[in-house]
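The values are calculated or read from the model by the stated rules, or taken from the named source; none is laboratory data. The shown structure was predicted, so the numbers you read here are calculated from the model rather than taken from an experiment. Positions of Cβ are backbone-derived with ideal geometry, glycine not excepted, and every protein chain shown enters the neighbour counts. To get the accessible areas, we keep the full protein, side chains included, count just its heavy atoms, and leave off ligands, DNA and RNA. Shrake-Rupley method; radii C 1.70, N 1.55, O 1.52, S 1.80 Å.
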Amino acid sequence: MTTTETIVDKLPLMEAFYTIQGEGFYTGHAAYFIRLAGCDVGCHWCDVKESWDENLHPKVLVNDIVSQAAENGKLVVITGGEPLMWNLDHLTSKLKEKGIQTNIETSGAYELSGFWDWICLSPKKKKLPTQSVYDAANELKCIIYNHHDFKFAEEQAARVNKNARLYLQVEWGKKDEMLPLVIDYVKNNPKWAISTQTHKYLDIP
């Protein structure tokens, strides 16, 4: 968490919507998602590549983003793109003024900013997390696309703080092939739990 608030009064907003969180520790909870545009991590299996180019999306006033969020429950998930490309101090402090819980889903590739109730770190091989995110993460969620990803997940678990909850999540397009392997891996390594993309089974955003 940063110690001084930086005023960033506009952010590139790809979309915002109220739904059910489908992944990780908060699976099943109603949540308002704020998807910020901009990402240079470039995962080939990313299912929101349209979020990568920040210039394709409007810069929206933080006050307007917060006002809309306040009409949609008390839990906000800020995601992307890669949301930590932007300083999120101002956005999160304004959300907290409204009594809203602030969660983030991030690759951790940039230094941590913002004031958070829950940090979900989903690290990527192309651009590893900063130490600030490893130290603060409440949840480590590693995506399993191929066999090597199990090794990568263990490397990331060794770097994250000891209190972070550990999840393995199959990349959706590889679920038929890799899910049986993830199930066996978790049974043999019970420090991990399985995160499932529940929202895709429910056919909701």
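Taking the Cα atoms of region 52-205, the ratio Rg/Rh between the radius of gyration and the Kirkwood radius comes to 0.99. For LEU202 and VAL8, a Förster radius of 30 Å and the Cβ-Cβ distance give a FRET efficiency of 0.30, rounded to the nearest 0.05.
Among PHE25, PHE152, the sequence by solvent-accessible area, most first, with a 1.4 Å probe is PHE25, PHE152. Karplus-based coupling profile of region 85-92, in residue order and whole Hz: 4, 10, 6, 10, 4, 5, 4, 6, with θ = phi - 60° in 6.51 cos²θ - 1.76 cosθ + 1.60 and x standing for Gly or Pro. Considering only GLU71, GLU111, GLU82, the mean-square fluctuation computed in a Gaussian network model of the chain, springs between alpha carbons under 10 angstrom, is largest for GLU71. Separation of region 133-156 and region 46-104, taken as the distance between their Cα centroids, equals 24 angstrom.
Across region 18-88, the fraction of Cα-Cα pairs farther apart than 15 Å, rounded to a whole number, is 59%.
Within the straight-line cut-off of under 20 Å between alpha carbons, the aspartates and glutamates reachable from LYS96 are GLU5, ASP9, ASP64, GLU71, GLU105, ASP117, sequence neighbours fewer than 8 places apart in one chain being disregarded. Each label was represented as a point 7 Å from its Cα along the Cα-to-Cβ direction; for ASN55 and THR27 these points are 4.0 nm apart.
When you filter the trypsin sites (Lys or Arg not before Pro) in region 158-205 for DSSP loop state and at most 10 other Cβ atoms inside 10 Å of their Cβ, you are left with LYS162, LYS191.
About the centre of its Cα atoms, the chain shows a dipole size close to 440 debye [charges on the beta carbon of Lys, Arg (+1) and Asp, Glu (-1) only; nearest 20 debye].
Taking all protein chains together, ILE143, ILE104 sort by accessible area into ILE143, ILE104, largest first [probe 1.4 Å]. The length gained on full extension between ASP40 and ARG159, counted as 0.36 nm times the residue separation minus their Cα-Cα distance, comes to 40.6 nm. Where both bridge residues fall in the chain, DSSP classifies roughly 30% of the beta bridges as antiparallel.
Report the FRET efficiency, 1/(1 + (r/R0)^6), for LYS191 and THR130, where r is their Cβ-Cβ distance and R0 is 22 Å, rounded to 0.05. Calculated transfer efficiency: 0.40.
The length gained on full extension between SER93 and GLU111, counted as 0.36 nm times the residue separation minus their Cα-Cα distance, comes to 4.7 nm. A dipole drawn for the chain from +1 and -1 charges on Cβ atoms has a positive end, and of ALA157, PRO12, VAL76 the residue lying farthest that way is ALA157. Quotient of the Cα radius of gyration of region 99-147 and 2.2 N^0.38 Å, N being its number of residues: 1.18.
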